[in-house]
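One structure is given below, encoded as structure tokens.
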């Protein structure tokens, strides 16, 4: 009987993994959002190096630090940027999937939560 339970448990585990169940931050949409944000993060960091503070908005970065903002793609992911702590830090946030949220800060890097 124990062998049957073990086989059933293993089968269930395989079925769950084959169904595409992934941890927060590991989905294709999460990775896509992180990739999109990477160019923005580099531009924000370069601005900070030059001015001593983070930009009040991403629009300030165009065209000196980034050629164009990917506004349509950002809207699809509900991606937002906001300066933090009197422009001494910042946050990016986006929602890759229905029940997930990914946040980026220089202090914590990427943190994704949800199902």
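Of note:
- Checked against (1) surrounded by 12 or more Cβ atoms within 10 Å (Cβ to Cβ); (2) outside any strand (DSSP E or B), residue 63 passes all but a single condition, namely (1).
- Some residue of the range 36-43 being modelled with pLDDT of 90 or more and in contact with a strand residue (DSSP E or B) (Cβ under 6 Å, 6 or more places away or on another chain): yes
- Among the residues of the range 77-115, those that are at negative phi, loosely packed, with under 14 Cβ neighbours inside 10 Å and outside any strand (DSSP E or B) comprise 88, 98, 99, 107, 108, 115.
The values are calculated or read from the model by the stated rules, or taken from the named source; none is laboratory data. Fair warning: this is a prediction, and the values are worked out from it, not measured in the lab. Quick reminder, even Gly has a Cβ in these numbers, built from the backbone with ideal geometry, and neighbours come from all protein chains shown.
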